1. Could you identify the single residue in A152, A226, A208, A213 that is in contact with a helix residue (DSSP H, G or I) (Cβ under 9 Å, 6 or more places away or on another chain), in a loop (DSSP other than H, G, I, E, B), open to solvent by less than 10 Å² (accessible area, probe 1.4 Å) and within 29 Å of R31 (Cα to Cα)?
2. Identify the residue in region 167-190 that is open to solvent by 10 Å² or more (accessible area, probe 1.4 Å) and either of a type in the set (G, A, S) or touching a residue at least 40 places away in the same chain (Cβ under 8 Å) (or both) and, among all such residues, is nearest to E136 (Cα to Cα).
3. List the strands (runs of 3 or more DSSP E) that sit entirely inside region 11-128 and contain at least 1 residues that are open to solvent by 70 Å² or more (accessible area, probe 1.4 Å).
4. Output the residues belonging to region 106-127 that are under 20 Å from the mean Cα position of the chain (by Cα), without any contact (Cβ under 8 Å) to a residue 60 or more places away in the chain and closer than 20 Å to Y15 by Cα.
5. Return a yes/no flag: does region 231-244 have any residue that is among the hydrophobic types (A, V, I, L, M, F, W, C) and under 20 Å from S127 (Cα atoms).
6. Here's a check for you: in region 129-149, which residue that is without any contact (Cβ under 8 Å) to a residue 40 or more places away in the chain and not in a strand (DSSP E or B) is most open to solvent (accessible area, probe 1.4 Å)?
Amino acid sequence: MKFTKMQGIGNDYVYVNCFEETVTEPERVARQISDRHFGVGSDGLILICPSKIADCRMRMFNEDGSEGMMCGNGIRCVGKYVYDHNIVDRLHITVETLGGIKKLEMTEKDGKVEAVQVDMGIPVLTSELPEKIVIEGIEQEFVGIDVGNPHAVYFWPEIDHLDLEKIGPGYECHTRFPDRVNTEFVRVMDREHLQMRVWERGSGETWACGTGATACAVAAIMMGLAENQVEVQLKGGCLQICWDPQSGHVFMKGPAVEVFQGEIEVE
């Protein structure tokens, strides 16, 4: 199986061009190639497929093999891939996902895409504002936001020293979220800057999460903690999030990088 390793501010996936390749049992393949000791090493697998209703279709599988509805950093890399590899010849494209059709606007430099803005659609509040929850005996507050996949956003005064490997599963698998949930821990630096760490369902802590950055920006704006345009600082870099009050759509912009190409035998 030929593949391309790509990353968006450290959120890395193995990408397969399914215009040319066929991947059977992608859940199993995702687990194999994601292993950082015995596989390629990644946060998961993304298949770039033909679509009847968009320029291409993205299927995203987490490290544990579960299929995700949407991936913000992943879709930016999909846009870069299909342009750089001549599947499309336009800088404005559409991508079909389980979270709906997303519109991408790409920025080119020297014939290659270096940054992508994604119309993430209209965010949906899925909780009270905020909602109380008890996790491991401690009452907390979160804001539930759906931007193509579900998120629970928690505001903390300090997040650098959180032991997410220890506490993350309790948030992800809480009974409040029967399908599990992506969890963001957010520190408000000022009204235009947020710091975020993320525990992704099915993958654990990752260096970045585009939908998570979108969700935490929307939650901060809804709570009156931030302006409509903010920069979100993650372990792997920064994303720019803008919520347009007129259309209700929220836009995410950030880099997309191709790391290397390779070939692997899948079991």
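1. Details: A152 fails: in a loop (DSSP other than H, G, I, E, B); A226 fails: within 29 Å of R31 (Cα to Cα); A213 fails: in a loop (DSSP other than H, G, I, E, B).
Result of the check over A152, A226, A208, A213: A208.
2. My answer is G170.
3. Details: elements: 11-17, 44-49, 56-62, 92-97, 100-109, 112-119.
The strands (runs of 3 or more DSSP E) meeting that bar are 56-62, 92-97, 100-109, 112-119.
4. M106
5. So the first thing to find is which residues in region 231-244 are among the hydrophobic types (A, V, I, L, M, F, W, C), and the list is 232, 234, 238-239, 241-243.
Those still in the list that are under 20 Å from S127 (Cα atoms) too: 243.
Scanning region 231-244, I find at least one residue that is among the hydrophobic types (A, V, I, L, M, F, W, C) and under 20 Å from S127 (Cα atoms), so the answer is yes.
6. So, considering only residues that are without any contact (Cβ under 8 Å) to a residue 40 or more places away in the chain and not in a strand (DSSP E or B), the one most open to solvent (accessible area, probe 1.4 Å) is E136.
The values are calculated or read from the model by the stated rules, or taken from the named source; none is laboratory data. All values reported here derive from a predicted model rather than from experimental measurement. FYI the Cβ positions are ideal-geometry reconstructions off the backbone, even for glycines, and counts take in every protein chain you see. Quick note on the areas: whole protein, heavy atoms, side chains included, nothing else; ligands and nucleic acids left out. Shrake-Rupley method; radii C 1.70, N 1.55, O 1.52, S 1.80 Å.
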